[in-house]
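The values are calculated or read from the model by the stated rules, or taken from the named source; none is laboratory data. Remember, it's a predicted structure, so these values are computed and weren't measured experimentally. Methodologically, a virtual Cβ is constructed for each residue, glycine included, from the backbone with ideal geometry; neighbour enumeration extends over all protein chains shown.
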Amino acid sequence: MESAQPWRTFRWVFGQKHYSGFYWCVTERGHVIYESRLELARLLRADFDPDVRHIIAQPFLLRARVDGKLRRHVPDYLEFRSTGLTVVNVKPADRLDDPKVTSTFAWARQVVEDRGWGFEIASEPDPVELTNLRFLAGYRKAEGISPSVLAALRSRCLEGRALGDAVIHTDAPAPCARAALFHMIWRHEVGVDLTQLLSSRSVLRKIA
């Protein structure tokens, strides 16, 4: 299962309403596809989640006979977590009451949960948290971060410090220190309240 490839891919068509593409995923050390901005937002959240160790987009085709008719459905993501597998379906909140969507998710959930897997429906995330994650994702790759600056920050007690204060109390240039600190937040080496927009006043906390 872990070596599965996407069941389907996407096409770029002039005038299409959805936004498809590839996201370079730290968890995968490679690209993962998405078919909409909402799927990209969910993928970003999964890449940030330390409990997710593997992500497959469009992982397989589900088939079931419902009310005498053969039904088919391809989930958006399959996430491998420490607690097991989770099938993720991404759908805008204003479409969740659509009878066709409700019916599809009902039988798909039954099929998935009968295997002992988790089933999740993801809709629009909190806009502030998404803004923060999009920003932090710019610092997710270790290749662009100074190892010496990272070592210096890791040697300091950052808990309770404001983000701006932690940056200026290093010998490194502020842009380098700031980039290293954002990388540490992405890696969950230090925490911050992501329900509030990140700023120099954001208070750092220790990760349990």
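Condition check: in a helix (DSSP H, G or I) and out of contact with any Pro (no Cβ under 7 Å at 6 or more places or on another chain). Does A177 satisfy that?
Details: in a helix (DSSP H, G or I): yes; out of contact with any Pro (no Cβ under 7 Å at 6 or more places or on another chain): yes.
For A177, the condition - in a helix (DSSP H, G or I) and out of contact with any Pro (no Cβ under 7 Å at 6 or more places or on another chain) - is met.
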(request) Mind listing whichever residues of segment 154-178 are among the aliphatic types (A, V, I, L, M) and in contact with a helix residue (DSSP H, G or I) (Cβ under 7 Å, 6 or more places away or on another chain)? (result) L158, L163, A166, V167, I168, A172, A174, A177
(request) Considering only residues that are outside the structural domain of L136 (by TED's automatic domain parsing) and of a type in the set (G, A, S), look in segment 167-200 and name the one that is surrounded by the most Cβ atoms within 10 Å (Cβ to Cβ). (result) G191
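Please verify whether I121 is touching a strand residue (DSSP E or B) at 6+ places or on another chain (Cβ under 7 Å) and at pLDDT below 95, treating the condition exactly as stated. Show your work before the answer.
Numbers: touching a strand residue (DSSP E or B) at 6+ places or on another chain (Cβ under 7 Å): yes; at pLDDT below 95: no.
In short, no.
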(message) Six or more apart or on different chains, Cβ atoms under 8 Å: show the pairs whose first residue is in segment 159-173 and free of Cβ contacts under 8 Å to residues at least 12 places away in the same chain and whose second is assigned to a helix (DSSP H, G or I) and surrounded by 17 or more Cβ atoms within 10 Å (Cβ to Cβ).
(response) I168/A177
(request) Could you please let me know if G164 is small (G, A, S), at negative phi and in the same structural domain as V74 (by TED's automatic domain parsing)? (result) no
(message) Being of a type in the set (D, E, K, R) and modelled with pLDDT under 95 is the filter here; which residues of segment 42-71 pass it?
(response) R63, R65, D67, K69, R71
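Can we say L153 is outside the structural domain of P92 (by TED's automatic domain parsing), surrounded by 13 or more Cβ atoms within 10 Å (Cβ to Cβ) and touching a Leu at 6+ places or on another chain (Cβ under 7 Å)?
On the way: outside the structural domain of P92 (by TED's automatic domain parsing): yes; surrounded by 13 or more Cβ atoms within 10 Å (Cβ to Cβ): yes; touching a Leu at 6+ places or on another chain (Cβ under 7 Å): yes.
The answer is yes for L153.
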(request) Answer yes or no: is there a residue in segment 160-180 that is under 21 Å from R81 (Cβ atoms) and modelled with pLDDT of 95 or more. (result) no
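So which residues in segment 16-57 are among the β-branched types (V, I, T) and out of contact with any Cys (no Cβ under 7 Å at 6 or more places or on another chain)?
In the first step, residues of segment 16-57 are kept if they are among the β-branched types (V, I, T); the result is 26-27, 32-33, 52, 55-56.
Result: V26, T27, I33, V52, I56.
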(request) For E143, state whether it is modelled with pLDDT under 95 and part of a helix (DSSP H, G or I). (result) yes
